[in-house]
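A single structure is presented below for examination.
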Amino acid sequence: MSLINLQEVNLAFNEQVIFDQADLTIDAGYKYALVGLNGSGKSTFFKLLCREILPDSGKINQAKNCIISYLGQHSLQALDKLAHVYDNPELTAVETEMNELSQLIAAADKKAENDKDLPVLLKRYTETQAEFERLGGYGFTASIKAALAGLNLPTELIEQAPITLSGGEKMKVALAHCLLRPADLILLDEPTNHLDLLSCDWLADFIKKSKKTFIVVSHDRYFLDRISDKTIMLEGHKFTVYSGNYTQARKLADEQKQIQAKELERLNEKLNIETAVKQTFLSHRNISGYHQREKVVNSLNAKIKQLKEQQIGEKHLKFSFNQPSSLGEKDYKRLLVSVKDLSKKFDKQLFQHLDFSLKANEKAALIGRNGTGKTTLLKILLGEELPDSGEIKLYGDLQIAYMGQIINFPDPSQSLLDYLMHDNTIPERYIRAQLANYGFDSSMIDKPLRILSGGERHRIFLAKLINAHPDILFLDEPTNHLDLYSIERLENALQNYAGALVVVSHDRYFVEKIANKIYGFVDCRLKEYASYEEWWKTYLSSLNSSNIDSLSKEKSLSATKTTSSAVVKERKATDSNWNKGKIRALKVQAQNNLNTVLQLLTRNEQFNQTFLQNTDNTPQSYEDYNLRLQLGEKAEELYLELSEELEKDEACSWAEVQAYNANLEKTISNLEKLLK
């Protein structure tokens, strides 16, 4: 079933063409990755689907009753009106209407049996109840809290008003609401920008398991590969759909371009031959043969034009790095940097007893969760920060180049050409060629630096860096502002760069492609890992161990006992299950039950919605429906009580948790029987 169909859509802003005779079909149930250059029209496409803007011409057909959920700027503005992050004004309004109808039905029921209002009220109540269930029903609050937990929003923020949250925290709340909205098609524009590694992992699992249709824009290729089964490439103002995830689609697209390039070369060769033959016929006064060849030439020109039009819009970036001037062939394995027993602390310990070395032929990646000190370590190596303790040695007179996450220019009024020419002996013609390779055509080179976008700032800064012939490149999140095409060009350049590299990046795809040494932060320590995957497993293991240790840790029983340690002592005296092994097993069992009940609540809502839409229900089905409602409410109540008890950590009563578990398992069993 098709949800969206675009037919010959055209759109332009002033003289900038966005879509030219664009066709596209979005089928239900698929997870689409949408990729294209920065400025190619990905966000504009989302606005077209949501009717925020209209095309200049063409048709956008949408399936009947198809609901679209879009995470846009208006989503953040709407959040500021909520009292709590889990509030749903639409759901609350429907629930209020249900309650009012219940009162009217009760009043009408007390009147005469032939009251004509009662059937009308009952019908309205059934319709309102169906809408209530469609919007999430009584399970919405539990679902939104579970989603916010998955997106790693701190527990203490759940009860706060969204207006008090930071921009990143608001984005998580808006994302959770967007995911849980009763929509057929969900549009996500760079959803991982404000998420940490664990949140990205949760989001990928959520999308993969969902039955809804998704279109996702992201520069995180590993994330796209995990979630997508179809890929839309926006090139030359048109859409092309490929089966498979991003990596598979990229391979297919490259193969097609190679075939097109060979075909274009073949046609041009044939055109030259046929043009020469045509001229020969003309010189020999063979008019009939001349006109026949003229038709062949015209046909070839038309085919060549068609192939060239398919290549319009493709940028031909070519990043390249000048090789270090201080290193000879025998020096590529010599030691450049040595770090021993390095420690740094601000409000909390960032890292300690850190050892690190870098040779002239090594490309090292620094990975870790946010806040572990990756950027701080770079600044210490560059001499911009001082360590608390430890030793750093740089060997030789090294040329060092650094690109941070934010690019500021000394003189923003300088033109791009003047910026690269300054303090440079390279001839202007080479600088112009370099600018072209970095995606700046002749119309851009005389414009001031201040008008550049984030991605363009990074590209021009990279171009400046490489002219210095650096021995070591330090790059801090270099892919953040680049589109996928630019990232791939940068990867190719770094792979061919013969100097040393230290890069901080959260982009797993990028790290695995360019790094030959991977250093990862875990528990304030830096260690070398064989792969990103090995570090990730170690990090998760450390995280789980920390959670278990935090849960089972006992407070000191000194003369100055705190209130919480007194509670722990009381629990230990009264709870026969107080030992670490049983607590861990009980907590795992409780968490499994919580996950199961969330899934059952979702299935329960689907069953109830199907029941309300059915016109020939039996008396038994009405009884089952009422029982499902009761069990669903009980399951949600137990879910919230058990979650609240588990949050108490050491002050938690494991005897109560065990009782909640038993009660919840019984409710789950009864509900599962009704959902078969």
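Consider region 193-250. How many of its residues are touching an Asp or Glu at 6+ places or on another chain (Cβ under 7 Å), surrounded by fewer than 21 Cβ atoms within 10 Å (Cβ to Cβ) and among the hydroxyl-bearing types (Ser, Thr, Tyr)?
Of the residues in that region, 1 qualify.
Would you confirm whether any residue within region 506-513 is of a type in the set (Phe, Trp, Tyr), in a helix (DSSP H, G or I) and open to solvent by less than 10 Å² (accessible area, probe 1.4 Å)?
So in region 506-513, the residues of a type in the set (Phe, Trp, Tyr) come out as 509-510.
Adding the requirement that they be in a helix (DSSP H, G or I) leaves 509-510.
Then keep just the ones that are open to solvent by less than 10 Å² (accessible area, probe 1.4 Å); that gives 510.
Yes, that holds for at least one residue.
Okay, next question. Within region 29-40, take every residue that is modelled with pLDDT under 95 and in contact with a Leu (Cβ under 7 Å, 6 or more places away or on another chain) and give me the one that is surrounded by the fewest Cβ atoms within 10 Å (Cβ to Cβ). Before the answer, list the steps.
Just the residues of region 29-40 that are modelled with pLDDT under 95, to begin with: 29, 35-40.
Those left that are additionally in contact with a Leu (Cβ under 7 Å, 6 or more places away or on another chain): 35-36, 40.
Working: Val35: 26, Gly36: 20, Ser40: 22.
It comes out as Gly36.
Need the failing condition index for Val17 against (1) closer than 30 Å to Ala130 by Cα; (2) surrounded by 13 or more Cβ atoms within 10 Å (Cβ to Cβ); (3) not hydroxyl-bearing (Ser, Thr, Tyr), just the number.
Against the list (1) closer than 30 Å to Ala130 by Cα; (2) surrounded by 13 or more Cβ atoms within 10 Å (Cβ to Cβ); (3) not hydroxyl-bearing (Ser, Thr, Tyr), Val17 comes up short only on (1).
Looking at the structure I just gave you, is Asp411 out of contact with any helix residue (DSSP H, G or I) (no Cβ under 7 Å at 6 or more places or on another chain), modelled with pLDDT of 85 or more, more than 21 Å from Tyr497 (Cβ to Cβ) and not in a loop (DSSP other than H, G, I, E, B)? Lay out the reasoning, then the answer.
Working: out of contact with any helix residue (DSSP H, G or I) (no Cβ under 7 Å at 6 or more places or on another chain): yes; modelled with pLDDT of 85 or more: yes; more than 21 Å from Tyr497 (Cβ to Cβ): yes; not in a loop (DSSP other than H, G, I, E, B): no.
Taking the combined requirement at face value, the residue does not satisfy it.
Return the pairs, sorted by first residue and then second, in which the second residue is modelled with pLDDT of 60 or more and in a helix (DSSP H, G or I), the first residue lies in region 534-554 and is open to solvent by 50 Å² or more (accessible area, probe 1.4 Å), the beta carbons are less than 8 Å apart, and the residues are 6+ apart or on different chains.
Listed by first residue and then by second, the contacts come to Leu543/Leu198.
A further question follows. State yes or no: is Asp471 farther than 30 Å from Ser545 by Cβ, at pLDDT 85 or above and not hydrophobic (A, V, I, L, M, F, W, C)?
yes
If I ask for residues that are acidic (Asp, Glu), free of Cβ contacts under 8 Å to residues at least 40 places away in the same chain and touching a helix residue (DSSP H, G or I) at 6+ places or on another chain (Cβ under 9 Å), which ones from region 235-284 would you list?
Initial filter on region 235-284 (acidic (Asp, Glu)): 235, 254-255, 263, 265, 269, 274.
After this cut, where a residue has to be free of Cβ contacts under 8 Å to residues at least 40 places away in the same chain as well, the list is 254-255, 265, 269, 274.
Hit for region 235-284 is Glu274, nothing else.
Kindly indicate which of Ser564, Ser541 is modelled with pLDDT of 70 or more and in a helix (DSSP H, G or I). Walk me through how you get there before you give the answer.
Values: Ser564 fails: modelled with pLDDT of 70 or more.
None of the others qualify; the one that does is Ser541.
Do any helices (runs of 4 or more DSSP H) entirely within region 86-150 hold 2 or more residues that are open to solvent by 70 Å² or more (accessible area, probe 1.4 Å), and if so, which?
89-109, 117-134
Next question, about the same structure. Within region 430-462, which residues are of a type in the set (D, E, K, R) and under 20 Å from Leu484 (Cβ atoms)? I'd like the intermediate steps shown before the answer.
The first filter runs over region 430-462 and keeps only residues of a type in the set (D, E, K, R), leaving 432, 441, 446-447, 450, 456-457, 459.
Scanning region 430-462 gives Glu456, Arg457, Arg459.
Could you check how many residues of region 416-454 are touching a residue at least 40 places away in the same chain (Cβ under 8 Å) and either crowded, with 19+ Cβ neighbours inside 10 Å or in a loop (DSSP other than H, G, I, E, B) (or both)?
The qualifying residues number 9.
Same structure again: Residues of region 41-80 being modelled with pLDDT under 85, open to solvent by less than 80 Å² (accessible area, probe 1.4 Å) and either of a type in the set (S, T, N, Q) or closer than 17 Å to Lys238 by Cβ (or both), which ones?
Passing the criteria: only Ser75.
Please give the number of the condition Arg457 fails out of (1) open to solvent by 60 Å² or more (accessible area, probe 1.4 Å); (2) assigned to a helix (DSSP H, G or I).
(1)
Related question: On the basis of being surrounded by fewer than 18 Cβ atoms within 10 Å (Cβ to Cβ) and either more than 15 Å from the chain's Cα centre (by Cα) or modelled with pLDDT of 95 or more (or both), does Ala253 make the cut? Show your work before the answer.
Numbers: surrounded by fewer than 18 Cβ atoms within 10 Å (Cβ to Cβ): yes; either more than 15 Å from the chain's Cα centre (by Cα) or modelled with pLDDT of 95 or more (or both): yes.
For Ala253, the condition - surrounded by fewer than 18 Cβ atoms within 10 Å (Cβ to Cβ) and either more than 15 Å from the chain's Cα centre (by Cα) or modelled with pLDDT of 95 or more (or both) - is met.
Further, regarding this structure: May I ask you to list the residues in region 1-24 that are part of a loop (DSSP other than H, G, I, E, B) and either within 21 Å of Ile186 (Cα to Cα) or touching a residue at least 12 places away in the same chain (Cβ under 8 Å) (or both)?
Going residue by residue through region 1-24, those that are part of a loop (DSSP other than H, G, I, E, B) are 1, 14-15.
Scanning region 1-24 gives a single hit, Met1.
The values are calculated or read from the model by the stated rules, or taken from the named source; none is laboratory data. Please read these numbers as outputs of a predicted model, since none were measured by experiment. Glycine gets a Cβ as well: all are built from the backbone with ideal geometry, and neighbour counts include every protein chain shown. Please note that ligands, DNA and RNA were not included when accessible areas were found on the heavy atoms of the full protein model with its side chains. Shrake-Rupley method; radii C 1.70, N 1.55, O 1.52, S 1.80 Å.
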